[in-house]
Amino acid sequence: MEGIKEELQSLLDRQRELDGHIAEKQNFDMSEVFDRKLLAFVTEVAEMLNEHKGIKYWKVDRTPSDRVLEEYVDGLHFILSIGNDINFDEFYYVQVPADVDWVDVTLTVIDSIGGIRQTIRAQQSPVMMYGRMLAHYLRLGELFGFSTAQVLEAYADKNAINYECQRVGY
């Protein structure tokens, strides 16, 4: 997705605002829910893959549903929130090979989640591991055919929905 890295700080800022709103509305400290965010991100990745249908090798019809982008953006909300929690403010670019397929990229994203937990437990900074996870997640969006404009628009739409959910007591 050409240009998404240039929008990264803006996305992180918008997510920080949403997280602050949720924490205030729900009356908790975001640092208390870090592991739950990791699990929520895993869940969103799984939901995205379920909608993509590429993992369903046993099915004849593996045509992706229209909800793949929606689930991708749900995951983007959580990955940005995780980045904010670890004070990620700089994109540590990780070269994702051009010839890698979506399966490899997805497994790298999932592997990185465990790596983040391990580095935190070892009292080390998870920023490099997070940069790896984020770069691969962004690459996954490219491999699924999403443009930067599509992702940014879907993120803005979902962000508005998230605020509305908080307003009505979701």
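Just so it is clear, none of the values below were taken in a lab; they were calculated from the coordinates. Small disclaimer: the values here were computed from a predicted structure and weren't measured. Here the Cβ is made from the backbone with ideal geometry for all residues, glycine too, and neighbour counts use every protein chain on show.
Within the set of pairs 6+ apart or on separate chains, which have a first residue in the range 3-19 that is β-branched (Val, Ile, Thr), a second that is assigned to a helix (DSSP H, G or I), and C-beta atoms under 8 Å apart?
4/138; 4/141; 4/148; 4/151; 4/152
Looking only at the range 35-53, filter to residues that are surrounded by 12 or more Cβ atoms within 10 Å (Cβ to Cβ) and touching a residue at least 60 places away in the same chain (Cβ under 8 Å); which one of those is nearest to the chain's Cα centre (by Cα)?
41
One residue is enough: does the range 58-66 have a residue meeting the conditions aromatic (Phe, Trp, Tyr) and touching a helix residue (DSSP H, G or I) at 6+ places or on another chain (Cβ under 9 Å)?
no
Of all residues in the range 126-162, which are surrounded by 14 or more Cβ atoms within 10 Å (Cβ to Cβ) and over 30 Å from residue 98 (Cβ atoms)?
Those that are surrounded by 14 or more Cβ atoms within 10 Å (Cβ to Cβ) and over 30 Å from residue 98 (Cβ atoms): 159, 162.
Provide a single number: the residues in the range 130-148 that are farther than 26 Å from residue 22 by Cα and of a type in the set (A, V, I, L, M).
3
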